[in-house]
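Pasting in a structure now, in structure tokens, and then I'll have a few things to ask.
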Amino acid sequence: MKVLDTVKLKYDFQGLSAGTIGTIVLEYDGTAFEVEFIDTNGDTIDVLITPAEKIELITA
């Protein structure tokens, strides 16, 4: 995974539900990513440092 990839949460995390969609905005050595999570309207819910094992790639 890399910056600007679209991802979704595989598990509930930091108050967000599994399946929440986001975009990677920063990579931390491949083990964690800063992800901007959005709602169904495209509005930002939160920006979180997210462990790689909590997200899966949707589109590259």
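Using modelled amide H (1.01 Å from N, peptide plane; none on Pro or chain starts), what sits under 5 Å from the amide H of residue 20, excluding residues fewer than 5 places away?
When sequence neighbours closer than 5 places are left aside, the close amide H contacts are 9.
While we're here: Along the charge dipole of the chain, which of 26, 49, 7 sits closest to the positive end, that is, farthest toward it, with unit charges on the beta carbon of Lys, Arg, Asp and Glu (+1, +1, -1, -1)?
My answer, from the dipole projection, is 7.
Here is a further query. Leaving out ligands, DNA and RNA, what percent of the accessible area of the chain is carbon and sulfur, probe 1.4 Å? If you can, show how the numbers build up before the last one.
Values: 1820 of 3610 Å².
Reported share for carbon and sulfur atoms: 50 percent.
For residue 38 and residue 56, calculate 0.36 nm times their separation in residues minus their Cα-Cα distance, and state this gained length in nm to one decimal.
Values: separation 18, 0.36 × 18 = 6.48 nm, distance 1.53 nm.
Full-extension gain reported as 5.0 nm.
Return a whole-number percent for the relative contact order of the chain, with Cα pairs under 8 Å and 6 or more residues apart as the contact set.
Numbers: 128 pairs, mean separation 22.3, N = 60.
Relative contact order of the chain: 37 percent.
When the convex hull of the Cα atoms of the chain is projected onto a plane and the area is averaged over all directions, what value comes out in nm²? Numbers along the way, then the final one.
Values: hull surface 13.6 nm².
Dividing the Cα hull surface by four gives the mean projection, 3.4 nm².
Still on this model: Accessible area per residue of the chain at 1.4 Å probe, in Å²?
Details: 3610 Å² over 60 residues.
So the chain comes to 60 Å² accessible per residue, rounded to a whole number.
Something else now. Which net charge results when you count Lys and Arg as +1 and Asp and Glu as -1 among the other residues whose beta-carbon is under 15 Å from that of residue 24?
Net charge around residue 24: -4.
So for 12, 5, 39, what's the accessible-area order with a 1.4 Å probe, most first?
12, 39, 5
The values are calculated or read from the model by the stated rules, or taken from the named source; none is laboratory data. Predicted, not measured: the structure shown is a model, and the values here were computed from it. Don't worry about glycine lacking a Cβ; one is built from the backbone with ideal geometry, like all the others, and counts go over all protein chains shown. Just the protein is used for accessible areas: all its heavy atoms, side chains included, with ligands, DNA and RNA removed. Shrake-Rupley method; radii C 1.70, N 1.55, O 1.52, S 1.80 Å.
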